[in-house]
Amino acid sequence: MFHVKREKCHHCNKTVYAMEKLSCEDKVFHKRCLRCKQCNKLLSTGNYKYIEGKFYCGPHFKQIFLSIGHYSAFSDEKPKSKKIENKETKEEEKKEEEIKQEVKEEVKEEEVKEEEVKEEEQQEEVKEEEN
Ligand SMILES: [Zn+2]
Ligand SMILES: [Zn+2]
């Protein structure tokens, strides 16, 4: 099960040991090093997004995905004019609105979670002080 093999973290370039190892997209990370390229938020194998060799959190993936114009990022060609296809553009805009709304909700949820964690940490600190 445990391979004695020195693997370097894709993010910080330090050795990753089995206990702290996380592998994603053929790359190896410390569990604490798999972070969103944009906001540095800690990611897990279940919630990261991978695009163009970079890792993002869900909201930032959507942002980047939208800003580069869907999958046109994977080719060098950029859409010349969106205006010609008026109907499609409108539908795209609608979709983008929906995604933006979704992103807002997700961010909200994450903020709440982070607050809960903070509270837990504070409680632990108090306990330690009492001892
Ligand atoms: Zn690392
Ligand atoms: Zn992010």
Pairs with Cβ under 8 Å, 6+ apart, first in region 35-62 and closer than 14 Å to Glu25 by Cβ, second among the β-branched types (Val, Ile, Thr) and part of a strand (DSSP E or B): Phe61/Ile51
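For (1) more than 16 Å from ligand 1 (Cβ to nearest atom); (2) outside any strand (DSSP E or B); (3) not aliphatic (A, V, I, L, M), each residue gets a yes or a no:
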{"residue": "His10", "(1), (2), (3)": "no, yes, yes"}
{"residue": "Cys33", "(1), (2), (3)": "no, yes, yes"}
{"residue": "Lys37", "(1), (2), (3)": "no, yes, yes"}
{"residue": "Asn40", "(1), (2), (3)": "no, yes, yes"}
{"residue": "Ser44", "(1), (2), (3)": "no, yes, yes"}
{"residue": "Asn47", "(1), (2), (3)": "yes, yes, yes"}
{"residue": "Phe55", "(1), (2), (3)": "no, no, yes"}
Identity of the residue in region 21-42, touching a Cys at 6+ places or on another chain (Cβ under 6 Å) and within 15 Å of ligand 2 (Cβ to nearest atom), that ends up nearest to Phe65 (Cα to Cα): Cys36
Within region 41-63, track down each residue that is over 19 Å from Lys108 (Cβ atoms), within 8 Å of the chain's Cα centre (by Cα) and polar (S, T, N, Q). none
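Bear in mind these aren't lab numbers, they're just calculated from the coordinates by the rules spelled out. From a predicted model like this one, the values you see are computed outputs, not experimental measurements. Every residue, glycine among them, receives a Cβ derived from its backbone with ideal geometry; neighbour counts consider all protein chains shown.
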